[in-house]
1. Mind listing the long-range amide H neighbours of residue 26? Cut-off is under 5 Å, sequence gap 5 or more, other chains count too, H placed in the peptide plane at 1.01 Å from N.
2. Per q in 0.20 1/Å, what log10 I(q)/I(0) does a Debye calculation on the alpha-carbon atoms of segment 1-41 return?
3. Based on the alpha-carbon gyration tensor of segment 154-282 and its eigenvalue square roots a ≥ b ≥ c, which shape applies: rounded if a/c is under 1.5, prolate if not and a/b is larger than b/c, or oblate?
4. Given charges of +1 on the Cβ of Lys and Arg and -1 on the Cβ of Asp and Glu, with all other atoms neutral, how large is the dipole of the chain about its Cα centre, in debye to the nearest 20?
5. So what's the chain giving for Rg/Rh, alpha carbon basis, Kirkwood Rh from the mean inverse pair distance?
6. What figure, in Å² to the nearest 10, do you get for the accessible area of residue 103 with a 1.4 Å probe and non-protein molecules left out?
7. Of all alpha-carbon pairs in segment 172-235, indicate the percentage at a distance above 19 angstrom.
8. Report, by chain and number, residues whose modeled amide H sits under 5 Å from the one on residue 177, excluding near sequence neighbours (fewer than 5 apart, same chain).
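The values are calculated or read from the model by the stated rules, or taken from the named source; none is laboratory data. For clarity, every value in this text was computed on a predicted model and none was experimentally measured. Methodologically, a virtual Cβ is constructed for each residue, glycine included, from the backbone with ideal geometry; neighbour enumeration extends over all protein chains shown. These accessible areas exclude ligands, DNA and RNA; they are computed on the full protein's heavy atoms, side chains included. Shrake-Rupley method; radii C 1.70, N 1.55, O 1.52, S 1.80 Å.
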Amino acid sequence: MRIVITGAKGQLGHELQAVLAEYHLTLLDMPAFDVTGPDVERKITDARPNVVIHAAAFTNVDEAEHEPQRAMAVNAEGTERVARAAADSGARLVYLSTDYVFDGSKQAPYLECDEANPLNVYGRTKLEGERRALARHPNTVVVRTAWLYGMHGRNFVKAIAQAASTQSEIRVVNDQRGSPTYAGDLARAIKAMLGTDLKGVVHATGAGDCTWHEFASEIVSLIGLPRRVVQVSTAEMARPASRPGYSVLANAILYGQGIRLPHWKDALAQFLRQIKVEVEAK
Ligand SMILES: NC(=O)c1ccc[n+]([C@@H]2O[C@H](COP(=O)([O-])OP(=O)(O)OC[C@H]3O[C@@H](n4cnc5c(N)ncnc54)[C@H](OP(=O)(O)O)[C@@H]3O)[C@@H](O)[C@H]2O)c1
């Protein structure tokens, strides 16, 4: 199987490379591959892929509020170009999307068929990416995930671990609930999905749910440093982008295929053990 991975240097891209190493991989990312730049379609079709995993995105949720046109160009127009190339190649497309397509008003795990209503630019542009991918190419799986972290790149787990090493008190919001997802687990779930004939929208997150405060408290407790994790409200933190208060995704379609990601607490413990091993080995 020949697989193209866009966003190959990102958090998920790195894990996909490891999990799919047995296949012939074409790794695309900035600066040589820019979904808003020239030759996007040719760079993909030249690889004659059977599968295109489109993980590249403008992922900075707050920055997207200040750069809505760029976010739309990357997340929606760029995705449409990738989808066209996948269709021209006869390849299956896997497009990564987000829990931030929802507004959080439901207060029960969101199903794939629930109506999307994004609260911020990032969510709107990713949702537009979903619509364009599905319209352009019928053989598409839209994989919505959430609260992603991994070994490579910046993420919440690393930020809290870093804060815990320098501050006695950490302030974290306690009125947003979602499902932390380890990028390695998501990469394995995507690999398993390639063995199914799934099409359309599929939710794929770590099992269970928590608030950012509960997530941070678990990180600090597992690291074993005596730090106070203080609950604050979203209003007190005043970020540029609005975020849903509730964005837990039901993984019903994935479970129906016998594919499950581990519980977020187990995945986090495993991840922190792995980081410790790597730090000690250096
Ligand atoms: N992170 C999360 O919490 C989260 C949650 C839900 C869904 N997702 C989705 O999951 C996917 C993977 O997320 P991630 O956390 O692995 O993202 P990431 O670490 O930010 O990686 C994204 C990659 O895309 C590249 N990229 C940005 N603009 C590009 C462009 N114009 N052309 C080509 N490549 C470009 C980035 O390069 P530069 O670093 O040089 O910009 C980066 O290597 C994304 O589609 C994201 O929307 C993420």
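1. 3, 4, 5
2. Taken in order of the listed q values, log10 I(q)/I(0) reads -0.59.
3. Oblate, since a/c reaches 1.5 and b/c is not below a/b.
4. Numbers: 32 positive and 32 negative charges, 86 e Å.
Computed about the Cα centre, the dipole is about 420 debye.
5. Values: Rg = 18.4 Å, Rh = 19.2 Å.
Radius of gyration over Kirkwood radius for the chain works out to 0.96.
6. 40
7. On the way: 991 of 2016 pairs.
Beyond 19 Å sits 49 percent of the P(r) for segment 172-235.
8. 246, 247
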